[in-house]
Amino acid sequence: MSIWINEGSKVLVQGITGSQGTFHASRMAEYGTDIVGGVTPGKGGQSVPLPGRKVPVFDSMSEAVSATGADASVIYVPARFAAQAITEAADAFHGLNEGGLIICITEGIATLDMVRVVAHIDQRPGVRLIGPNCPGIISPGEDGGCKIGIMPAHIHAKGRIGIISRSGTLTYEAVAQTMGVGEGQTTCVGIGGDPVYGTGFIDCLEAFEKDPETEAVVMIGEIGGTAEEEAAMWAKANFSKPLIGFVAGATAPPGKRMGHAGAIISGGKGTAEEKFAAFEDAGIRIARDPSKIGDALLSALVDAGLRES
Amino acid sequence: MNIHEYQAKALFRESGIPVQDGVHCKSVEEALNAYDSLGSGIVAVKSQIHAGGRGKGKLYSPDSGDLVMEGGVKVASSRDDVEDFASNILGHKLVTKQTGPAGKIVSNLYIEAGCDIAHEYYLALLIDREEQTVLIMASTEGGVDIEEVAETSPEAIHKAWLDPIQGIEDSRLFFLAQSLGLSESAQDSFANLVINLSRLFIDRDCSMIEINPLVRTADDTMVALDAKVSFDENANFRHPWREELRDLSEESEIEVRAHEHGLSYVDLEGNIGCLVNGAGLAMATMDVIKLYGGEPANFLDIGGGADRESITTAFGIILEDPRLEGILVNIFGGIIRCDMVAHCIIEASRDVGLGVPLVVRFSGTNQIEGRKALEESDLDVVTVSTLAEAGEAIVRVIGGGSR
């Protein structure tokens, strides 16, 4: 099992004719993701060759959803057009499907655009946004699996650990370390590094709590905002499985944006120290050393009786 | 992106937000002319730098390091005062709580007409990450550090939120005005000011507007006595006019250059140069260095779309740093191939010369080919495959902790 996606997910690629879109659509199809089509305004009627298939291109999301019955869409369009692309996907999924999953990979979307997009999605129940500025979501299967995003698929394997992260390559690092202690993943979700975004830690924890195959979760936060603190508080009351946490940026200076738009300590708030303290208070197993995330997972599993050693 | 107070006040004026008359000056002579033209008797002479805490800052001579004057914002009641203050400020180094000990050389002044103050308030608009919309924050305690107010008397801070689709409701706005204890006529003035500020915030894609102090004058008008505006750079594409407001002397030259190549660079205090792909992994790499007893010299994220040119530039930028005693490269290959990064490192080191020990950690796509390329080169390099080994190795090769 997995959360939100599985090998039956039918996926559209918005921006499929762009270089990023074509490249990643091919990689996703290679892994086993069921790519059913793409959208590029003005290029409807064309088709794009992917490994093992040729998929149709549509002018709009509503045409694409009607024609293919897709239930997920991944966005690779440039930042200035991405907010519009998310809104269009939300309207199409809401109007035609009663819901759907939108994954926005694009980095650099204007914050006020995201404020409007998030408010728009809140009014369309059933529509879930992951991102923006994220690596996407992946659920490894027995042979290949479902990957909607840009992560290197080959580092993953099917297993029982859920992973949630605000970062891209640091998620891969966490995946590699869980693999290093012999554990695979149910689903890995990159929620993205922007200040205003769709799905958050708590949404993911809630879904992992309900997923019978997920037996433990690794949560990777970073400096800025209070999402980690809120997730810790929620988990303390509602999450029953072993939870392991790390927060990047303990050494970051205040007032400086550390790459991600959301990774900034402002007004003395959002420090790694506060987040680690909130994790500890909630009984979350913390790894202060990012090279020891795998070890922390292992000891949490042993303590919970889920592994011998 | 930040702008100066005088630029922010020009935006306020255009948007119908009350400010005092004022003139931007770059010399003592201009300051004196400004004093004459304002005809106000009492004026404020204000240092223009991007950092806050100017009023309590200190001015030093950049050559001798001697203290020249206390306070980067002065009230002048005569032409002579203006001359004194302006010459003590211009060309001197202003050190405030926010500039750090290095301070900032002041080359811009703002001369502003005096104001009859009945009370000082605080007002700010900013993105509230938790509510995912614009927060309006107001306080009866103006002119002091808002973080201090939040600590000592949080009940003095009042909040309202903009609806991203509807804007702000009148009732909430007047409720906010009432919580500040304003009289009816001052409430009207406050409401108009907040409506105009909200419009400015949205139309110009701001990330923060802070007015500290916002003052109520004796005739119950609300006036922005200070103005701090920063813009969301992700929206630069729809605001080409911003380029003219940009003061590059306020920004770190190396950070600007890195940004032009799609790199994120932040200067730090240590002696270990870092080159990493991904912001989270770059922060984690700094954290590991510190945990193993070292000190990172920089944060450098080469980003997801890095190519040969940007990686070579990134490596060159790190090599420029004279404090360096070692370099740690940490790449988790996904779309970026480790062997490509290896070749960039070899090339850049050949061009510039590599005078310090280098530790490279490759994981992910083409890690074996990458390590092989480095080992076969004539570079003095330690290759490792895990983050823990990387932290241990870099601190060892520079001969233990940096401090």
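All of the numbers you see were taken from the coordinates with simple rules; none came from a lab. What you see is a predicted model; the values in this text were computed from it and never measured. Here the Cβ is made from the backbone with ideal geometry for all residues, glycine too, and neighbour counts use every protein chain on show.
Would you please give the FRET efficiency between B:Arg308 and B:Glu30, computed as 1/(1 + (r/R0)^6) with r the Cβ-Cβ distance and R0 = 35 Å, to the nearest 0.05?
Given R0 = 35 Å and the Cβ-Cβ separation, E is 0.10.
Tell me, what is the percent relative contact order of chain B, built from C-alpha pairs under 8 Å that lie six or more residues apart?
12
Taking N as the number of residues in region A:158-236, what is its Cα Rg relative to 2.2 N^0.38 Å?
My calculation over the Cα atoms of region A:158-236 gives 1.05.
Give me a comma-separated list of calculated 3J(HN,Hα) values for region A:3-12, in order, Karplus coefficients 6.51, -1.76, 1.60 applied at θ = phi - 60°, integers in Hz, x for any Gly or Pro.
So the Karplus estimates, Gly and Pro as x, are 10, 6, 10, 7, 5, x, 4, 9, 10, 9 Hz.
What is the ratio of the Cα radius of gyration of region B:1-145 to 2.2 N^0.38 Å, with N the residue count, to two decimals?
1.12
Beyond 19 Å, what share of the Cα-Cα pairs of region A:146-305 is found? Please give it as a whole percent.
Result: 50 percent of Cα pairs exceed 19 Å.
Compute the Rg to Rh ratio over chain B from the alpha carbon atoms, using the Kirkwood formula for Rh, and round to two decimal places.
On the Cα set of chain B, Rg over Rh gives 1.06.
Can you list the HN-Hα couplings for region B:195-205, worked out from phi with the Karplus curve (6.51, -1.76, 1.60; θ = phi - 60°), rounded to whole Hz and with x for Gly and Pro?
4, 5, 5, 4, 5, 4, 4, 6, 4, 9, 6
Could you pull out every residue, at least 5 positions away or on a different chain, whose amide H is within less than 5 Å of the one on A:Gln185? Hs are placed 1.01 Å off N in the peptide plane, and Pro or chain starts have none.
Under 5 Å from the amide H of A:Gln185 lie the amide H atoms of A:Ala157, A:Lys158, A:Gly159, A:Arg160, A:Ile161, each far enough along the sequence or on another chain.
Sort all Cα-Cα distances of region A:263-309 into consecutive 5 angstrom bins from zero, then give the percent of pairs in each bin up to the one containing the longest distance.
4, 20, 19, 21, 17, 8, 5, 3, 1, 0
I'd like the FRET efficiency for B:Ile117 and A:Ala67, computed as 1/(1 + (r/R0)^6) with the beta carbon distance as r and R0 of 60 Å, rounded to 0.05.
E between B:Ile117 and A:Ala67, to the nearest 0.05, is 0.35.
Convert 10 °C to kelvin, take the viscosity as 1.306 mPa s, use the Kirkwood radius over C-alpha pairs of the protein assembly as shown as Rh, and evaluate the Stokes-Einstein diffusion coefficient in µm²/s, rounded to a whole number.
Estimated via Stokes-Einstein, D reaches 58 µm²/s.
What base-10 log of the normalised intensity I(q)/I(0) is obtained for region B:262-403 from the Debye formula, alpha carbons as equal point scatterers, at q = 0.10, 0.17, 0.22 Å⁻¹?
-0.26, -0.82, -1.53
What is the diffusion coefficient of chain A in µm²/s, taking the Kirkwood radius over Cα pairs and the Stokes-Einstein relation at 37 °C with a viscosity of 0.692 mPa s?
Here the translational diffusion coefficient equals 169 µm²/s.
Dimensions of region B:101-242 along principal axes (Cα, Å, largest first)?
Between the extreme Cα coordinates on each principal axis of region B:101-242 lie 41, 39, 30 Å.
Quick one: work out Rg over Rh on the C-alpha atoms of region A:1-76, Rh as Kirkwood radius.
Here Rg/Rh amounts to 0.94.
Which far-off residues, 5 or more places away or on another chain, put their amide H under 5 Å from the one on A:Gly245, with H placed in the peptide plane?
Hits under the 5 Å cutoff: A:Met219, A:Arg285, A:Ile286, A:Ala287.
Please sort through the DSSP H helices of chain A and keep those with an alpha-carbon extent of at least 24 Å along the long axis and a Kyte-Doolittle average not below -0.5.
Counting only whole DSSP H runs, the qualifying helices are A:79-97.
For B:Thr383, what residues show an amide H to amide H distance below 5 Å, using hydrogens built from the backbone and excluding near sequence neighbours?
B:Val360
Could you give the longest part of chain B that holds none of the GluC sites (Glu not before Pro) found in DSSP loops with at most 16 neighbouring Cβ atoms within 10 Å?
B:1-129
Per the helix-only calculation at 222 nm, which mean residue ellipticity applies to chain A, given -39500 (n - 2.57) for every DSSP H run of n ≥ 4 and division by its residues, nearest 500 deg cm²/dmol?
-10500 deg cm²/dmol
Quick check on the exposure proxy: order A:Trp4, A:Trp234, B:Trp241 from fewest to most C-beta atoms within 10 angstrom.
In order of increasing Cβ crowding within 10 Å: B:Trp241, A:Trp234, A:Trp4.
Give me the base-10 log of I(q)/I(0) for region B:169-218 at each q in 0.20, 0.28 Å⁻¹, Debye formula, one uniform scatterer per Cα, rounded to two decimals.
-0.75, -1.16
Taking N as the number of residues in region B:225-323, what is its alpha-carbon radius of gyration divided by 2.2 N^0.38 Å?
1.24
For chain B, take the longest principal axis of its alpha carbons; what is the angle in degrees between that and the long axis of helix B:28-38, to the nearest 10 within 0 to 90?
30
Among DSSP bridges having both ends in region B:285-403, what percentage is antiparallel? Round to the nearest 5.
0
Alpha carbons only, please: Rg and Dmax for region B:45-127, in angstrom.
Taking only Cα atoms of region B:45-127, I get Rg and Dmax of 13.7, 43 Å.
Using alpha carbons only, how many angstrom separate the centre of region B:36-72 from the centre of region B:203-219?
Their Cα centres are 21 Å away from one another.
Mean-square fluctuation check for chain B, GNM, Cα pairs under 10 Å: which of B:Asp287, B:Asp247, B:Asp220 is largest?
Its mean-square fluctuation being the largest, the pick is B:Asp287.
At most 11 other Cβ atoms within 10 Å and a DSSP loop assignment: could you name the chymotrypsin sites (Phe, Trp or Tyr not before Pro) in region B:6-48 that fit?
Sites meeting the loop and neighbour criteria: none at all.
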